[in-house]
Amino acid sequence: MKKLLLGNEAIARGVYEAGVGVATAYPGTPSTEITECIAQYDEIFAEWAPNEKVALEVAIGASVAGARSCCSMKHVGLNVAADPLFTASYTGVNGGLVLFVADDPGMHSSQNEQDTRIIARGAKVPVLEPSDSRECKEFTKIAFEISEEFDTPVIVRLSTRVSHSRGLVELNDRINYELKPYVKNPAKYVMMPGYAKRRHPLVEERMKKLREYSNNSGLNRIEWGDKKIGIITSGISYQYSKEVFPDASFLKLGMVHPLPEGLIRDFAKEVETLYVIEELEPFIENQCLKMEIKVIGKELLPVIGEYSAGLIKERLLGIKEEKLNNLNEDVPARPPVLCPGCPHRGTYYVLKKLKLNVMGDIGCYTLGAIAPLESVDTTVCMGASIGMAHGMEKARGTDAARKTVAVIGDSTFIHSGITGLIDIVYNKGTSTVIILDNSITGMTGHQDNPTTGYTIKGEPTKQVDLEKLCQAIGIERVRICDPFDLSEFEKVVREEIAAEEPSVIIAQRPCALLKYVKHGKPLTINSDKCTTCRMCMRLGCPAIVDKGGHIEINSALCVGCNLCTKVCRFNAIEKAGGVE
Amino acid sequence: MINRSIMIVGVGGQGTLLTSRVLGDVAVSLGLDVKVSEVHGMSQRGGSVVTYVKMGEVVYSPIVEKNEADILLCFEQLEALRWIDYAKKDGSIIVNSQRIDPMPVITGKAVYPENIIDKIKADYPQAISVPALDIARSCGNIKAVNMVMIGVMAKHTDIDRDIWIKAIERNVKPQFIEMNIKAFNMGYDFEEVK
Ligand SMILES: Cc1ncc(C[n+]2csc(CCOP(=O)(O)OP(=O)(O)O)c2C)c(N)n1
C-alpha cells in the first residue's frame, strides 16, 4: 500500500519497520513530527526528554542494552547533544543507534543556519541524506543496518523541505527485532583514557571501511545522461537539479559522509563540466578540491539560504523568469506574531511600560522583539537568557540587575534554564527571572514537557513543580502571577527587580491555542466611547486594526481574551452581540 | 494535462494545511505521483504561509517556481499580491476577499495596498474574488473558509466533484463532515457577481 507521507512521517514509519524499541527527542522545527508520529506506535517506547543531551543519552543507553534506538532533533539540538555524540562514536553501539537531525536552510524557524555534516565529520560518524519521503523510510532502515555492521551511531540528515514535504511511500511490515544480549564490556563502554585510547584507532579504522562502503553501496549512484554536464548533489538539491537539468548526468549521493572518493573520481573523468549543487556549506565541493577535481559550486551558488530550481537556473544558466504582470506594488511583510489571546502579550506590555532590559530566550515569546511590543533585547540559544542576565549584572554592577529581567518559557527553562538559575544563586547574583509558564511547549506546535503532567503518549505523569524547584535551589523569592492581571503583574515585577536578591516570577496562564482554553465572544469597539487614543494598539494584537480614522476589532481573529479592555481607559471595548 | 502545480497562500492559522492534504488525497485517488510542501513551525504563528502541491507522472521538486502555478489559491488578499508572480499568465487565480492586517500595517510602518483584487484583475482578467469568510459563516463555522476555497477551486479543474467530496470525507473528523461538505458545495456553486 502506498501512502502520502511527510518526510518526518516516513522516517517514523522506517523506525517502526526497523523494529526500533526506544525513540527519544526534544522537539524542534523541522524535526518534531518524527517523534510525534513514532509515539502513535504502541510497539515503541517514545519520550520527550528535557533536552537533546538527555534524549541522546537515553537512546545510547537503550542501544547498549541491546535495543535498536533513535533520537531526533533540529540542527541546533545537535550542539546540545554533541557531548554524548562525540564519545558514543568511540564506544559504538550494541543495538543500532540512529540520530535524525533536521537542518533549516533559509531559517524558516531557527536562530542560525549551521550544517550538520560539519559536526558529523568532527564526530566521525556516517551521514545519510534522503531526498524525498520514499528515501526517508528506506534510508532509515539502511541506517540501522550500517550502525550495527560498522558499530557506530549514524546520522540521517534532513532539511526543512524534505521533512515537511509529502511524497508517496510504500508501507511494509515491522521486522521482529530480538534484543541483542547485554554483556558487561568496560573496554568498549567505559571511556576513560586507558580504554578510550584503544577505541580511537578503531574509529579511524571504521572510517576507512565506511569510505569503502560509500563507494560500493547503492546509496550513492550514477545516473548517466548527457555527459556535457555532470552534477554531484544530494538531498533536496537533487530534486531541484533534476528539474533544471533533466538530461544531464548525475552522481546522486545518499551517503554524504564519508564521501565515495572512487565514485567521484570515476564520475568526474567522464563529464565535461562538473557542478556540485549542495545547500549551505561546500562540504562535497571541498572534498573534490582536496582530490584536485575541478568543480563549479559555491563560486556561483550561495552558502546562505535555501535553494530552489529557480535559483539554480538563474545562477548556473543565467536564466531568470520573466515578470508577466505590471504589479509593482510594495507588499508589506507579514512576520509571525503572538496570537490573539497569547499570555505573553500581557508580560511584554508590562516589561515595555517599565522600560526594562529583557534578556530573551527561544520560544513563541521571542516574538516579543517585534514592534510594537519591542521588549526583547537579546536571543542567542535555549537557556541563554538567564546566564546573560547574570553576566549583565556582573559586568555592569547590581544597578543593572534593578533594570533587567530574563524571560524564559517553561519548556526552555527545563531544557537548560535551571542550570543558569543555579549559577545565579551560587555566584551571588540578584537577577530577576520571569518563567513564562503557558503550560505547553508552544513554538514547536504544542508538545508536552516535564511541567505539563503528561507524557508524549498523553499518559498522566508526575509534574515538575516550578515553584518548589526554584525554592529548592535557593531562590527565596518566588512569585506566581497571571500576566493578564496587568496591574498586579506590574506591581510584582517592580517589587522583584527592586529586591537585592535573586528572584523568580512565574507568569502563569495557559496558551490561548490549548483546547481547554475557552474565551468568550469576540470583542467590538463602541465608537461612541472610543477616543482613538490608541492605547489598545500598543498591545500589538493582530485582531485590533487601525482604520485611519477609527479603530476596529477583526471579529474573525479576536478570541475575546479581554486584555485590551484592561488598557482602555474609556471602557470602549465591549463584547460583540453576534454569535460566532 | 495531468501535470498540475498548485500554490496555496495565506496567513498562518487559516487552515491551509487541511486544504493541501485534501489536494494530495485527490492526486492519489487519480493515481498520480504527487508532492506537497507544507509549512510547520514559526510561520504558523500568523506569518505568511505558502504550501505547494505538484502532481503529475513523475514529480521531482516539491516547490512551484515563478510563472508555474496552474492554480493560485489565495486565502487572503495581501498574500495574493505577494505571490502573484508565481501564477501562470492564464492560470486560475482564486482570491478570498478576507483582509488580515500584518503587524507592520497595524503599527503604521507600512500601508495595506488598496483595491488589490481590481489590480490583479487588470493583469489577470480570469481572477475570481470569493467572500469565503461570509460563505463559511453562513455554513455555521468560520473555520470552513478552507472548504469554501476548495469548492471554488474544484469547479475550475476537470476533476470530478465526487472525487473531491470523497477526499474531504477521508480528511476531516466524522462529526464535521456534513458542515464541511456544505461549505465545499457552496464554494463549488459560487458565481461571482461581476
Ligand atoms: C537546542 C534547541 N532545541 C530546540 C529548539 C526548538 N525550539 C525553539 S523554541 C522551543 C520551545 C519553546 O517552548 P517554551 O519555552 O515552553 O515557550 P513557548 O513557545 O511555549 O512560549 C523549541 C523546542 C531550539 N531552538 N534549540
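Report the charge-dipole magnitude of the protein assembly as shown in Debye, nearest 20, computed about the Cα centre from +1 at each Lys and Arg Cβ and -1 at each Asp and Glu Cβ.
Roughly 980 debye for the protein assembly as shown.
Give the lysines reachable from A:LYS3 as a straight Cα distance under 17 Å; neighbours fewer than 8 places away on the same chain don't count.
The reachable lysines, counting only those whose Cα sits under 17 Å from A:LYS3, are A:LYS137, B:LYS35, B:LYS54, B:LYS166.
Less than 10 Å Cβ to Cβ from A:GLY305, Lys/Arg counted +1 and Asp/Glu -1: what total charge do the surrounding residues give?
Working: positive: none; negative: A:GLU113, A:GLU279, A:GLU306.
Net of charged neighbours comes to -3.
Within the set of other residues whose C-beta is less than 13 Å from the C-beta of A:ARG157, count the net charge using Lys and Arg as +1 and Asp and Glu as -1.
With Lys, Arg at +1 and Asp, Glu at -1, the net is -4.
Sequence neighbours fewer than 8 away in the same chain don't count; with that in mind, list the lysines whose C-alpha is under 18 Å from A:LYS547.
A:LYS529, B:LYS109
With labels modelled as points extended 7 Å from the Cα through the Cβ direction, what inter-label distance (nm, one decimal) is found for A:ASP247 paired with A:TYR177?
Rounded to a tenth, the inter-label distance reads 4.6 nm.
In segment A:30-62, whose amide N lies under 19 Å from the spot 7 Å out along Cα-to-Cβ of A:ALA196? List them in ranges.
A:53-54, A:56-58, A:60-61
Show me the GluC sites (Glu not before Pro) within segment A:108-185 that DSSP assigns to loop and that have at most 16 other Cβ atoms within 10 Å of their Cβ.
A:GLU178
Considering only the other residues whose Cβ falls under 12 Å of the Cβ of B:TYR86, what net charge follows from Lys and Arg at +1 and Asp and Glu at -1?
For residues surrounding B:TYR86, the net value is -1.
If all Cα-Cα distances of segment B:37-122 are sorted into 10 Å bins from 0 onward, what percent lands in each bin, rounded to whole numbers?
Percent of pairs per bin, in order: 15, 44, 32, 8, 1.
What is the spin-label model distance, in nm, from A:LEU300 to A:VAL380 if the labels are put 7 Å beyond Cα along the C-beta direction?
4.1
Under a Cβ-only charge scheme (Lys and Arg +1, Asp and Glu -1), can you give me the dipole magnitude of segment B:86-168 about the Cα centre, in debye to the nearest 20?
Values: 11 positive and 9 negative charges, 32 e Å.
About 160 debye.
Using the number of other C-beta atoms within 10 angstrom as an exposure proxy, rank A:PHE45, A:PHE570, A:PHE144, A:PHE413 with the fewest first.
In increasing order of surrounding Cβ atoms, one gets A:PHE570, A:PHE45, A:PHE144, A:PHE413.
Apply 1/(1 + (r/R0)^6) to the Cβ-Cβ distance of A:LYS547 and B:LYS121, taking R0 = 22 Å, and write down the FRET efficiency to the nearest 0.05.
0.35
How big is the Cα convex hull of chain B in projection, averaged over all directions, in nm²?
The directionally averaged projection comes out at 11.0 nm².
Would you work out which of A:GLY19, B:PRO102, B:GLN14 lies farthest towards the positive end of the dipole of the protein assembly as shown, given +1 charges on the beta-carbon of Lys and Arg and -1 on that of Asp and Glu, about the Cα centre?
B:PRO102
For segment B:95-121 and segment A:1-68, what is the separation of their Cα centres, given in Å?
Taking the Cα centre of each part, segment B:95-121 and segment A:1-68 sit 42 Å apart.
What shape does the protein assembly as shown have by the C-alpha gyration tensor, where a ≥ b ≥ c are the square roots of the eigenvalues, rounded means a/c under 1.5, and otherwise prolate means a/b greater than b/c and oblate the rest?
Working: a/c = 1.76, a/b = 1.11, b/c = 1.58.
The shape class here is oblate.
Straight-line reach only, C-alpha to C-alpha below 17 angstrom: list the lysines that A:LYS323 could link to, leaving out same-chain residues fewer than 8 apart.
By straight Cα distance, A:LYS323 reaches A:LYS313, B:LYS66, B:LYS88, B:LYS89, B:LYS119, B:LYS121.
So, in Å, what gap is there between the alpha-carbon centers of segment B:24-77 and segment A:459-495?
If you average the Cα positions of each part, the centres end up 44 Å apart.
Going 7 Å from the Cα of A:THR455 along its beta-carbon direction, which residues of segment A:15-37 have the amide nitrogen within less than 13 Å of the resulting point?
Correct set: A:22-24.
Which part of segment A:352-387 falls in the paramagnetic zone of A:VAL425, meaning amide N under 19 Å from the point 7 Å along Cα-to-beta-carbon?
A:383-387
Could you pull out every residue, at least 5 positions away or on a different chain, whose amide H is within less than 5 Å of the one on A:ILE434? Hs are placed 1.01 Å off N in the peptide plane, and Pro or chain starts have none.
Here A:ALA406, A:VAL407, A:ILE408, A:ILE505 satisfy the definition.
Using only DSSP helix segments of four residues or longer, with each worth -39500 (n - 2.57), what per-residue ellipticity at 222 nm results for chain A after dividing by its residue count and rounding to 500?
-10000 deg cm²/dmol
Just so you know, all these numbers are worked out from the coordinates, no wet-lab data involved. None of the values given here were measured: they were computed from a predicted structure. Cβ: placed from backbone, ideal geometry, glycine included. Neighbour counts: every protein chain shown.
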